[in-house]
Amino acid sequence: MAKSRKTRQKLRVAFRKNRQRRARSKDFTRQLRQEEEVVEDLATAERISGKGALTRHRTVMVEAQEQSRLEVDEAVCRPGRVVAASGMHALVEAEDGRRYECTVRRVVRTLARDVRNIVVTGDRVLFQPTGEDEGVVERVEPRRGVLSRTTRGLEHVLVANVEAALIVASAADPPLKPNLVDRFLVSAEKGGVEAILCINKCDLGDPVELQSLAGTYARLGYRVVLTSARTGLGIERLRRLLMNRHSVLAGQSGVGKSSLLNALQPGLDLRTDVVSEWTRKGRHTTRRAVLYPLSFGGSIADTPGIRQFALWAVAPEEVEGYFREFRPFVALCRFPDCLHLHEEGCGVKAAVTRAMISATRYESYLRMVGGDVQ
Ligand SMILES: Nc1nc2c(ncn2[C@@H]2O[C@H](COP(=O)(O)OP(=O)(O)OP(=O)(O)O)[C@@H](O)[C@H]2O)c(=O)[nH]1
Ligand SMILES: [Mg+2]
Ligand SMILES: [Zn+2]
């Protein structure tokens, strides 16, 4: 007991030192070097077993992980939500609406699974204000409801703590890619987020074709909204669907996500000025996920368009579970481990032949099982 108390004290001292260091850009290289050291320490400690200095060191590190949640001085910390994030920096909005440019406390970075996702837009955090509009993120709360994909072999969380994802596609310009839509639907379901399909630019599309496409997804039980940011079609319905919820706009680049947001929330362009230095560009080519409050209740994150999309952590045999319409037919497959590719006696393939499963959906399935990037 005594020993562990001592350890804890040591850790506290170290943490306090970290906290006092201001993350000025001239410190950046030095900081990076220190981070590398800590990461190396962790890696070494993980490999060594048996009794010895390294084992003790490992114990300390493990304790540090466990204690990191306790170490936060809740009396001086405030809860907030990450409005935009970039590397080790996060723009955090406190409950009173004030915004703080925050760095991330080193122990939080060390404990993160990978560097990409330390803080993401939508994260709920505890932060300590260090000035009028500056602070330090002390803790990132566990995420619920995420939209992620795989980037260079790592999970890339686009946004966290959302209840609904508005998967936006366009009727034309760019043409609708069903495979990309299906990937987003899978990603949302995997992340515990309700997917709402929004087909935008309906002013450009053939109404008959659009109705049939909308019908395909509506029959699967997805909510489908046909919109036009240009004419205002469907905007009121969208508003009702998003009211009082935390949502995200996701989809291919150029489908009109930001335009929809402007239609949903007139006057938002005024408010985007605040985050313009974070987004570093006009609102028409979104580079970074940014969270906006909605005047009719709730919030919505606008995200950058995605051209390529590899699913995160979905094994081939799991994919069928995300294709709701396959379920009744999977039981008819001759082999219990049927992947519905070339197997004999496959109930799913038979259903595709009989047009009971859409050929386009089956094609999406094949691409996902094949690990294709779309
Ligand atoms: N005809 C028509 N054009 C639209 C509509 N919605 C958006 N656009 C146009 O489509 C283009 C792209 O719109 P954005 O809102 O920037 O698209 P985005 O999805 O936010 O794109 P990224 O930020 O690159 O992901 C712009 O020129 C818009 O004016 C629509 O409903 N109808
Ligand atoms: Mg945009
Ligand atoms: Zn099968």
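The values are calculated or read from the model by the stated rules, or taken from the named source; none is laboratory data. Since this is a predicted model, take the numbers as computed values, not measurements. Backbone-built Cβ (ideal geometry, glycine too); neighbour counts: all protein chains shown.
Quick notes
- When region 324-350 is filtered for residues that are aliphatic (A, V, I, L, M) and either closer than 24 Å to residue 187 by Cβ or in a loop (DSSP other than H, G, I, E, B) (or both), the ones remaining, listed by number, are 330, 331, 332, 339, 341, 348.
- Out of 227, 231, sole residue that is within 16 Å of ligand 2 (Cβ to nearest atom), polar (S, T, N, Q) and farther than 27 Å from residue 144 by Cα: 227
- Scanning region 152-170 for residues that are more than 11 Å from the chain's Cα centre (by Cα) and in contact (Cβ under 8 Å) with a residue 40 or more places away in the chain gives 154, 163, 164, 166, 167, 168, 169, 170.
- Single residue of region 211-240 satisfying the filter (of a type in the set (A, V, I, L, M) and touching a Lys or Arg at 6+ places or on another chain (Cβ under 7 Å)) that is modelled with the highest pLDDT: 225
- Residue selected from region 225-259 under the condition assigned to a strand (DSSP E or B) and more than 8 Å from ligand 1 (Cβ to nearest atom), by the criterion surrounded by the fewest Cβ atoms within 10 Å (Cβ to Cβ): 245
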